[in-house]
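Peer 1: Handing you this structure, nothing more for now.
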Amino acid sequence: MEVTQTPLKDCFVVKPRVFYDDRGFFCETFNQKTFREATGLDVDFVQDNQSVSSKGVLRGLHFQTGEMAQAKLVRVIKGEVMDVVVDLRKDSETFGKYYSIILSEKNHLQLFVPRGFAHGFITLSEKSVFSYKCDNFYHKESEGGIIYNDATLCIDWHLAKEDLLVSEKDLQLPTFEEAIQ
C-alpha cells in the first residue's frame, strides 16, 4: 500500500498494490498497521457503507459534527467519480481549502478523509458503486453539510449544472460561511 499526503493536512491518497493474473486481480484495500506506519494515525473503522449512483448524481457535501465526527476511507468499486473534500477545521492551515481526485475501478485509488472535513462526490461514469469505511457511527442529529455550488469554494464538478442530479435535501444545505459558524 502506498500512502501519499494531499495538499490538505491529514488527508491522504491510498494506493493499494494490485496483483493481476489471467483470473482477474487481487488487492488488499486496507491494512491498519501499514496505514498507521505511513500516516501516524490510528484509525478504527466501525461502519462500512455503499452507494450506487447514475451519471451526474452529486452527493454532498456532508459531514458530522462534535463527538460524532467521522473519518472515512472512500473508494470506487465500479465506475468513476470525482471525489471532493473540504477542510472545516478552523485551526488547520488548510482550513477552507478543497481537494478533488478521480477515483475509479481502474485506478483503485482511495482517499482518507479525516474528521473535520466535508465530503462529497459526483458520478462521472454511467453508474458507480461507491464504498466508504467510517471510524464513527452515523448520527442524524450530528449531520451537517455545505451546498455543492458554494461561491466561496468554487468547486468544479466536471459536469454542466443541467446534468447534475442533486437530492432536494442537498439543495437545501447552507453555504460554507453559514455552515462554519
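Values in this text are rule-based calculations from the coordinates and carry no lab data. All of these numbers come straight from a predicted model, not from anything done at the bench. Neighbour counts are summed over all protein chains in view; Cβ atoms, including those assigned to glycine, are modelled from backbone coordinates with ideal geometry.
Peer 1: Put +1 on the Cβ of each Lys and Arg and -1 on the Cβ of each Asp and Glu in the chain; which of Val57, Val3, Val166 then has its Cα farthest toward the positive end of the dipole?
Peer 2: Comparing the listed Cα positions along the dipole, Val3 ranks first.
Peer 1: Go through Lys106/Lys133; Lys9/Lys169; Lys33/Lys106 and tell me which ones have a Cα-Cα distance over 27 Å in this structure. Write down the numbers at each step before the final one.
Peer 2: On the way: Lys106/Lys133 20 Å; Lys9/Lys169 29 Å; Lys33/Lys106 25 Å.
Exceeds cut-off: Lys9/Lys169.
Peer 1: How many angstrom separate the Cα center of segment 19-36 from the Cα center of segment 47-64?
Peer 2: What the calculation gives is 24 Å, centre to centre.
Peer 1: With 10 angstrom as the radius, rank Tyr138, Tyr99 by how many other C-beta atoms surround their C-beta, starting from the fewest.
Peer 2: Tyr138, Tyr99
Peer 1: Compute the relative contact order of segment 2-179 as a whole-number percentage, counting only Cα pairs closer than 8 Å that sit 6 or more residues apart in sequence. Working shown, then result.
Peer 2: Values: 395 pairs, mean separation 51.4, N = 178.
Reported relative contact order: 29 percent.
Peer 1: Moving to a separate point now. Rank Ser100, Ser142, Ser131 by mean-square fluctuation in a GNM of the chain with C-alpha springs under 10 angstrom and give only the top-ranked residue.
Peer 2: Ser142
Peer 1: On to the next question. So what is the calculated 222 nm ellipticity per residue for the chain, using -39500 (n - 2.57) for each DSSP H run with n of 4 or more, over all residues, to the nearest 500 deg cm²/dmol?
Peer 2: That comes out to -2000 deg cm²/dmol.
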